[in-house]
Amino acid sequence: MSNGTKGDGGKGNPNGVYLVIPYYPDDMGSRPLPSAYPFWSCQSIHLGGSPYAGQKLVPGQTVELAVEAINYGAQTASAVCIVFWANPTTSFTNASVNFIGTAPLTLAAHAVNITGPISWTIPEGTPEHICLLAEVTAPADPIQQPATYDAATDRHYAQQNVQVLTATPGQQIRIGFFMANPGVVKTKYWLEVTHLAASHQSLRHILPRSAVLIKTQQIHLKTPSHARSQVHKLDVELDRGESLEVELSALVPADAKPGSTIVLQALQYQHLRHQPVGGLGVVVHVI
Amino acid sequence: MIDYFAHVSALHVSHGAIANSPLASQKPVSEALSAVSAQPGSAILGALVDHLLQYAQAPTSVEIGLLKKTATVFAEARTMLNKLAAVRLSLETSMAAPTAPGALAAYNAAASELPAIATDFQNLTAKFQTLQAGFPNNWLAPVGQQLNQPVAEWAWRDVFLGRRTTAFVAKTQELATTTRGKAFAFGAFAGAAGNLIGSAYLNSVVGGPRRSHTLRHRLSAYSVGAWLRDHEPQYAGTLADIRSALLFGQSGTPALPSDLKALLQAALQQSYPSGTPALPNLETGYTHLLEHLGLLGDFSLPAAPAPPNNTVAGNIVTQGLTLGSNSLLLQNVASNTTSFGQNTPLIGSHESAAGVCEQILVWLAIPIFSWIYSIDVALGGGQGATGSPDLSSTGDLVTLSQSPTGLSGINSLYSLALNAWQALAAARTVLVLRGLLYPDNDDLNNPTFTQFLSIPSDTKNYPLLAMPSSDDGTSYPTSGLETPPTSSSPFAFGAKPQIFLNGSANASVLALSSTMWEDMNLYPGSDRPWSGNHDLDADRGAGALCWALAPGASITSLPVNITNLAYSAI
């Protein structure tokens, strides 16, 4: 078993309590995740009894959320799961997360369990597409302080952070989201959008159809401070806690077949590092 | 030595097997089968004679005293957790709606209980410390044969399992004249059948016999029992069901029914006429048996502490606090090397159950004082760390409910509840790992227990020698081979526990019961396969005969030269 490179709280261990929100069967908490399992799509976050698939949410509607977790420690854990929502964003900060609710979770050694329902009435003004973030913590395996909310590097977190759109062949799609600096000092980041070509087991619940490729030259990123859009990559410097609105535009290939799907992922990297610190997915169903 | 669930399951399986065999048409057999249906408690008691004898003697019933003492402290801890839950609920409800009618009074009433709870925690800590001081690391009585002792010095548990049990089966059948007696006799037969086949399974997953791997054997027996409890519940039901059947409808102080006591005593005296220790007090065995079955159910965990209500939890999280973790608490224990989950490994450790719990509870008492103190300070109170805060106005409560101090205090109490719950869970786990309690359903996913739930790939090296006394029994032995080697069981790699009950066409209670009943009861001492003096520990393999050391041989000198015992030999 390997601890994440950071953000694992530093308290859990296999002889005590070792919590994981699993992204795949036998996910023992090693982070970063294998490439087949994008950290922005976790099937352990359930909405209405099944993994949240990015479906549109209607303000005023009450839904039931639940979170699945496992304890790879030797001792039974009394844990608590917390669910947050956020506007579409590649990374979460204290300012960007909105508390939804909590649920207790008893986890025996090597046992997987799911919380009881966490009832949530979707507030007015909530966008159709949001990010759901789940956290699991226990006194014997607490999250790192201050909270990182970083599903990419911390087994205590998971996110379901996918925007699902429909488009016709040849259509230009546009979506907006935020990137943010969750750290405590001014930091340089770069954002890169790529397509996913592989058939991802972890995306089956949101990606039942075959994926088509999209050329990177057809993906553009734009921020309010940039007069011109950048081709699929963006460098920014963000102050502590600062967030920045980004517009992603992409051209659906004219020869894309209706029924196919385009999957893009926007990954946020810290300058000179090669592991993303955040990201989100965009799924475009071609109609 | 199979456990309660395996014994009662074997009774059901053997009853069904014989009822569906040609043997059922014979009068003694049909009478026995009917008697079991009419008097199931007697049959279960007959199946559990090995356990009754174990608990009839002090050296082999140490666990009852340990469980009794620990259960008392567990009960107090549960009560304290329930009290804390009620106080938390009241505080959190008040702080979620501080201007609601009665909120201030409810808050003050709840807060006034905190000092008493803090005292309770401290008292409980002292009790755990006392318990820890008297908690033996190795509580299982060694097996006389492994100590090179003569039979006359063995515990009756070991005499019964290692000598003439088949003769005892035949004798109870011969002596039983009433329906209750016949049910008891059938139970005694089924108990022997279960041990004969079940012990072979246990020996395979353990890597050696009970005499040289006592704790590992107990762990395996309880793991298999828990598996049967969860996967074959139609046979044995629950421990409460078994206990209830053994009460024979008695309330108050139950006594071993005199007719069954007489039958058991006569069968033991006639089966073991000489060469053994004096018969133990069977009443004591029966009383302890019931007590043990009751105690095993006294270690349930309360429901996990609920998080604060959404309003308060949301405010706590918005403050940047980690829900359920108390930074003040963590600072206080940062230098404490015994803090839970960091330096207290359970598997592979030799910490006592009480020790683990005590280590946790010592520092659990901290946040209550800190919380009271911090609220006092925040509101300008002067009652000190042991006084209860008493808010004088709704405005104070409104302020407190939004303040980092108040929210931190609520979070501390939640953390306290979580830690206390986890302390109990950890202590329970240690009791399971020490072989004192059955694993829970969830525990059976743990590799420590799953290893006992299927036959391992390598059973060729059997029997493995005893491990050093420091070994905790949770790992397959790394010791050398006790020569001469033999085969532990006929079961194939991967076979699950039900293999010895009904999963094998030629080596299960289901497959062999008819033959066994006939051989033991109708042809005792003959040369038929199950008419001999068979060893219920299956020490030298499934169906092997009881054995004694050859003249001049020692259990610790390899090869261990043995002599198989004749039917009449003790």
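The values are calculated or read from the model by the stated rules, or taken from the named source; none is laboratory data. Every value quoted in this text rests on a predicted model; they were computed, and no experiment measured them. Please note: Cβ atoms are built from the backbone with ideal geometry, for glycine as well, and neighbour counts cover all protein chains shown.
Scanning the stretch B:450-462 for residues that are part of a loop (DSSP other than H, G, I, E, B) and within 25 Å of the chain's Cα centre (by Cα) yields B:Gln451, B:Phe452, B:Leu453, B:Ser454, B:Ile455, B:Pro456.
Within the stretch A:111-120, the residues that satisfy the criterion of being surrounded by fewer than 19 Cβ atoms within 10 Å (Cβ to Cβ) and either touching a Cys at 6+ places or on another chain (Cβ under 9 Å) or away from every other protein chain (no Cβ under 11 Å) (or both) are A:Ile114, A:Pro117.
When A:Ala95, A:Ala108 are checked against the criterion of being touching a helix residue (DSSP H, G or I) at 6+ places or on another chain (Cβ under 8 Å) and within 13 Å of chain B (Cβ to nearest Cβ), a single residue qualifies: A:Ala108. Looking only at residues in the stretch A:129-151 that are more than 11 Å from every other protein chain (Cβ to nearest Cβ) and more than 16 Å from A:Ile100 (Cα to Cα), the one that is modelled with the lowest pLDDT is A:Thr148. Where the second residue is surrounded by fewer than 18 Cβ atoms within 10 Å (Cβ to Cβ) and not in a loop (DSSP other than H, G, I, E, B) and the first is outside the structural domain of A:Ala147 (by TED's automatic domain parsing) and lies in the stretch A:86-100, which pairs have Cβ atoms under 8 Å and are six or more apart or on separate chains? Note: no pairs meet the criteria. Screening the stretch B:264-314 for residues that are over 19 Å from A:Pro139 (Cα atoms) and within 14 Å of chain A (Cβ to nearest Cβ) and picking the one that is surrounded by the most Cβ atoms within 10 Å (Cβ to Cβ) gives B:Phe299.
On the given criteria, is B:Pro490 surrounded by 15 or more Cβ atoms within 10 Å (Cβ to Cβ), of a type outside the set (Ser, Thr, Tyr) and touching a helix residue (DSSP H, G or I) at 6+ places or on another chain (Cβ under 6 Å)? Criteria not met by B:Pro490.
Screening the stretch B:128-247 for helices (runs of 4 or more DSSP H) wholly inside it with 3 or more residues that are of a type in the set (D, E, K, R) and in contact (Cβ under 8 Å) with a residue 60 or more places away in the chain returns the ranges B:214-231. Figure legend. Inter-residue proximity from the stretch A:246-272: first residues farther than 25 Å from A:Phe39 by Cβ and in contact (Cβ under 8 Å) with a residue 60 or more places away in the chain, second residues among the hydrophobic types (A, V, I, L, M, F, W, C) and not in a strand (DSSP E or B), beta-carbon distance below 7 Å, spacing 6+ or different chains. Indicated pairs: A:Pro253/A:Ile214; A:Pro258/A:Ile287. For the stretch B:76-110, a residue qualifies if it is of a type in the set (Ser, Thr, Tyr), surrounded by fewer than 21 Cβ atoms within 10 Å (Cβ to Cβ) and within 15 Å of B:Asp390 (Cβ to Cβ), and exactly one does: B:Ser90. Of all the criteria given as (1) closer than 29 Å to B:Ala507 by Cβ; (2) surrounded by fewer than 24 Cβ atoms within 10 Å (Cβ to Cβ); (3) over 27 Å from the mean Cα position of the chain (by Cα), the one not satisfied by B:Thr172 is (2).
The residue that is nearest to the other protein chains (Cβ to nearest Cβ), counting only those in the stretch A:152-161 that are in a loop (DSSP other than H, G, I, E, B) and crowded, with 24+ Cβ neighbours inside 10 Å, is A:His156.
Please work out which residue is nearest to the chain's Cα centre (by Cα), limiting yourself to the stretch A:1-27 and to residues that are at pLDDT 85 or above, assigned to a loop (DSSP other than H, G, I, E, B) and away from every other protein chain (no Cβ under 13 Å). Only one residue fits best here, namely A:Tyr23.
Rundown of residues vs (1) of a type in the set (Val, Ile, Thr); (2) under 23 Å from the mean Cα position of the chain (by Cα), yes/no style:
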residue	(1), (2)
B:Val87	yes, no
B:Ser90	no, no
B:Ser94	no, no
B:Ala97	no, no
B:Pro101	no, no
B:Ala105	no, no
B:Asn138	no, yes
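Among the residues making up the stretch B:1-21, those that are more than 26 Å from the chain's Cα centre (by Cα), in contact (Cβ under 8 Å) with a residue 24 or more places away in the chain and in a helix (DSSP H, G or I) are B:His15, B:Gly16, B:Ala17, B:Ile18.
Can you tell me which residue is farthest from the chain's Cα centre (by Cα) among those in the stretch B:392-449 that are of a type in the set (D, E, K, R) and more than 12 Å from chain A (Cβ to nearest Cβ)? Among those that are of a type in the set (D, E, K, R) and more than 12 Å from chain A (Cβ to nearest Cβ), it is B:Asp396.
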